[in-house]
Amino acid sequence: MKSNKARMRDAEEYFIEKEPFYLPVTDEVNLFESAYKHKIPVLLKGPTGCGKTRFVEYMSYKLGISVKQQKKVNNSVPLITIACHEDLTASDLVGRFILKGDETHWVDGPLTKAVKIGAICYLDEIVEARNDTTVLIHPLTDHRRILPIDRLGTLVEASDNFLLVISYNPGYQSVAKDIKNSTRQRFVAIEFSPPPLEIETNIIAHEAGIDLTMAEDLAQLGSKIRNLNQYGLDEGASTRLLIYAGKLISADISPRRACEIAINLPITDDPTLSSSIAEVISSIFP
């Protein structure tokens, strides 16, 4: 059994030292803090690029400050992020034996590390992972808070600061890629959507390094493009893409060209929709 000092050394690479920039939209910060306090797993749901990952990073930093002020044994809440994909296996999460010379050694996977050191473990886009892989998180999401490691024949009890967080994009739901009810109902859910105009303007201005007037124009553009969903656009311009456009503008790319390559081309390949988006762009940036 590792000492608290040893666990802290293991956690050092996962600390977030600098506060991430995040502007709360509703009550998501208070909700997450309450879930963390009561050890309730959290599901973040919302479209791509609306701030889910940044929110988790911000909360990891914020909770670390809170824990430190309470003078608990661990003085930070590290964050371990796992990008889920269809080839993700249970061994990728839990760990595996590896050969070193003539000997085999066990190496913990990221989920096992998070459980042991008391980290926030963030499974990004959980629907991309196979169902037989995600089932292994179930014992961590109820009163047991344990991780079975079958290959070692052991059960690892989660550290007090451990919290499991998952995310997914409801816009990409399908029969093949959706969260099973047996998994979904183990979490409280916080819903994300593109922020209101004023907040999105401030986010774009800060992240892209542009003035508020240009940032507001980009936020207006994002709002107008999102209204095209009634014409078959699966997903509108994310805040992330608007920031990309802002960064190109700050690098002296013309606003219209920046929006074309950062927003229009990535969003759709449909000629009709692309033409409609181009018209919206030209209406704001002639």
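Annotations
- Residues that are modelled with pLDDT of 95 or more, crowded, with 18+ Cβ neighbours inside 10 Å and either under 21 Å from Glu86 (Cα atoms) or not small (Gly, Ala, Ser) (or both), drawn from the range 150-166: Val156, Phe162, Leu163, Leu164, Val165, Ile166
- Selection from the range 22-60 of residues that are among the aromatic types (Phe, Trp, Tyr) and crowded, with 19+ Cβ neighbours inside 10 Å: Phe32, Tyr36, Phe55, Tyr58
- Tally of residues being hydrophobic (A, V, I, L, M, F, W, C) and farther than 16 Å from Gly49 by Cβ across the range 262-276: 1
- Top-ranked residue of the range 62-82 - restricted to ones that are surrounded by fewer than 20 Cβ atoms within 10 Å (Cβ to Cβ) and hydroxyl-bearing (Ser, Thr, Tyr), ranked as modelled with the highest pLDDT: Thr81
Yes or no, residue by residue, for (1) in contact (Cβ under 8 Å) with a residue 60 or more places away in the chain; (2) outside the structural domain of Val127 (by TED's automatic domain parsing); (3) in contact with a helix residue (DSSP H, G or I) (Cβ under 7 Å, 6 or more places away or on another chain); (4) not in a helix (DSSP H, G or I):
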residue	(1), (2), (3), (4)
Ser159	yes, no, yes, yes
Lys224	yes, yes, yes, no
Leu228	no, yes, yes, no
Leu242	no, yes, yes, no
Lys247	no, yes, yes, no
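- Whenever a residue of the range 191-206 is under 15 Å from Tyr22 (Cβ atoms) and of a type in the set (Asp, Glu), its partners that are modelled with pLDDT of 95 or more and buried (at least 17 other Cβ atoms within 10 Å of the Cβ), lying with C-beta atoms within less than 7 angstrom and at least six residues away or across chains, give the pairs Glu200/Ala219; Glu200/Gly222; Glu200/Thr239.
- Entry remark, the range 249-286: residues being crowded, with 17+ Cβ neighbours inside 10 Å, in a helix (DSSP H, G or I) and free of Cβ contacts under 8 Å to residues at least 60 places away in the same chain number 13 in total.
Residues checked against (1) farther than 30 Å from Glu17 by Cα; (2) of a type in the set (Gly, Ala, Ser):
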| position | (1), (2) |
| --- | --- |
| Leu88 | no, no |
| Ala114 | no, yes |
| Leu123 | no, no |
| Asp142 | yes, no |
| Thr154 | yes, no |
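- Subset of the range 167-189 (residues that are surrounded by fewer than 20 Cβ atoms within 10 Å (Cβ to Cβ), among the hydrophobic types (A, V, I, L, M, F, W, C) and modelled with pLDDT of 85 or more): Val188, Ala189
- Any hit, the range 107-120, residues being more than 21 Å from Pro41 (Cβ to Cβ) and modelled with pLDDT of 90 or more: yes
- Residue that is surrounded by the fewest Cβ atoms within 10 Å (Cβ to Cβ), among those in the range 83-113 that are among the small types (Gly, Ala, Ser) and in a helix (DSSP H, G or I): Ser91
The values are calculated or read from the model by the stated rules, or taken from the named source; none is laboratory data. Every value quoted in this text rests on a predicted model; they were computed, and no experiment measured them. Using ideal geometry, Cβ is built from the backbone for each residue, glycine included, and neighbour counts are taken over all protein chains shown.
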